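The values are calculated or read from the model by the stated rules, or taken from the named source; none is laboratory data. Here the structure is a predicted model, which means the values were calculated and not measured. Cβ sites come from the backbone with ideal geometry, for glycine too, and all protein chains shown count toward neighbours. Side chains included, ligands, DNA and RNA excluded: accessible areas come from the protein's heavy atoms. Shrake-Rupley method; radii C 1.70, N 1.55, O 1.52, S 1.80 Å.
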Amino acid sequence: MEFVVLGVVLAVFLVGAFVAFLKAPTRRELPPGTEPAPAVEPPTVVEAPAAEAPIVEAPIVEAPIAEAPVAEVPVAEVPVAEEALDVPPPSAGRLVRLRARLARSQGSLGRSLLTLLARDTIDDDTWDEVEEILLTADVGVAATRQIVDNLRTQVMVLGARTPEQVRTLLRDQLLVAVGSDLDRRLQTLPQDGRPAVILVVGVNGTGKTTTCGKLGRALVGDGRSVVLGAADTFRAAAADQLATWGSRVGAEVVRGPEGADPASIAFDAVRIGAERKVDTVLIDTAGRLHTKQGLMDELGKVKRVVERQGSVDEVLLVLDATTGQNGLVQARVFAEVVDVTGIVLTKLDGTAKGGIVIAVQRELGVPVKLVGLGEGPDDLAPFEPEAFVDALLGDPAEAAA
């Protein structure tokens, strides 16, 4: 019982303590009207930048460095050996010197005719054979008829004939057919203070650039000063080939880039030739087919542009003598475009037939002025009718035998 009462008393005491605890203020209350004082923040301290003391740099005095004198070593100049220039022979008399070469290729024509005309009796069949030989040699129909008719008349008048008389008859008729009285001189001397201008034209493969180089070489051999104009800008090797020819004899070459306007290069060549006061300007043009009208018109343009500085003194048409009658067609077309003044027949020492000389002259009315008789640099010769006919007829001693 006592324990029960004690427990109740203890429970009442605990409950009262708990209630008193709940009613107690959690913080101290301030009297009314009193505001809590704001919290005072500590003042912000602004630090001023420390004044830097100026740094005075002392000038650095560079002590002069004494340079030791460099001793110059004398350089010994090695003399450059200049390539010796060729000294070509003069052009006069070249065909006489090359007569044996021409006789080997063309002598059969003369020997065949001499054999026929030396017969005791010459009938119509003989004259038919004479006519056939001349036609086969590319003499041409009109020239063949003229030669045969003249020979018939003289043989009838002469009657009996010795081999020497036969040779004289044939020689005279061939000289008439070749045209021994034609003016074959090349205009290569300056006139009125300007150089002579020679335009070299032709189709592809006739040896045009080589002919231009050989002609320049021959002129140097004759004492002329020469400028070469490489106006063939379509064939890559043409300008280099002409430059090689020029370098051998000391002739200046005017050239341009591949594909340049050939008329402008030709114009510059003439201008430079006039400035250098040379005797002759040789202009190599691009080879072109006579059937290509556009290319032929361009060739006419080259000539017209050059003529702005003066007249063109010579237009040389280069023909391959081995082309025969086809060469006549080429010559006719070129003559219509550029007014050809002379013919150059190349490769006359090969399989060509000598009658082409007669045929091309009759076709164009202009003379053969130069002939090519080989691959050598001095194998281009001025055409001489007497030496040419003598080469055709061969040695008189052989004819008599």
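Points worth noting:
- Screening region 334-349 for residues that are touching a Ser or Thr at 6+ places or on another chain (Cβ under 8 Å) and either of a type in the set (A, V, I, L, M) or at pLDDT 85 or above (or both) and picking the one that is farthest from residue 272 (Cα to Cα) gives 348.
- Exactly one residue out of 229, 216, 193 is open to solvent by 40 Å² or more (accessible area, probe 1.4 Å) and farther than 30 Å from residue 143 by Cα: that is 193.
- In summary, residue 161 fulfils each of the numbered conditions (1) over 24 Å from residue 361 (Cα atoms); (2) charged (D, E, K, R); (3) surrounded by 15 or more Cβ atoms within 10 Å (Cβ to Cβ); (4) at pLDDT 90 or above with the single exception of condition (4).
To keep it simple, each residue is scored yes or no on (1) out of contact with any strand residue (DSSP E or B) (no Cβ under 9 Å at 6 or more places or on another chain); (2) aliphatic (A, V, I, L, M); (3) not in a helix (DSSP H, G or I).
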site: 228; (1), (2), (3): no, yes, yes
site: 233; (1), (2), (3): yes, no, yes
site: 238; (1), (2), (3): no, yes, no
site: 242; (1), (2), (3): no, yes, no
site: 248; (1), (2), (3): yes, no, no
site: 253; (1), (2), (3): no, yes, yes
site: 256; (1), (2), (3): no, no, yes
site: 259; (1), (2), (3): yes, no, yes
site: 268; (1), (2), (3): no, no, no
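- Residue match in region 108-119 (condition: surrounded by 13 or more Cβ atoms within 10 Å (Cβ to Cβ), modelled with pLDDT under 80 and closer than 30 Å to residue 221 by Cβ): no
- Residue that is modelled with the highest pLDDT, among those in region 354-365 that are buried (at least 20 other Cβ atoms within 10 Å of the Cβ) and part of a loop (DSSP other than H, G, I, E, B): 355
- Being in a helix (DSSP H, G or I), open to solvent by less than 20 Å² (accessible area, probe 1.4 Å), of a type outside the set (D, E, K, R) and over 27 Å from residue 218 (Cβ atoms) is a condition met by at least one residue of region 297-306.
- Subset tally (residues that are touching a strand residue (DSSP E or B) at 6+ places or on another chain (Cβ under 6 Å) and at pLDDT below 90) for region 300-319: 1
- Residues (part of a loop (DSSP other than H, G, I, E, B) and open to solvent by 20 Å² or more (accessible area, probe 1.4 Å)) located in region 311-349: 311, 312, 313, 339, 341, 347, 349
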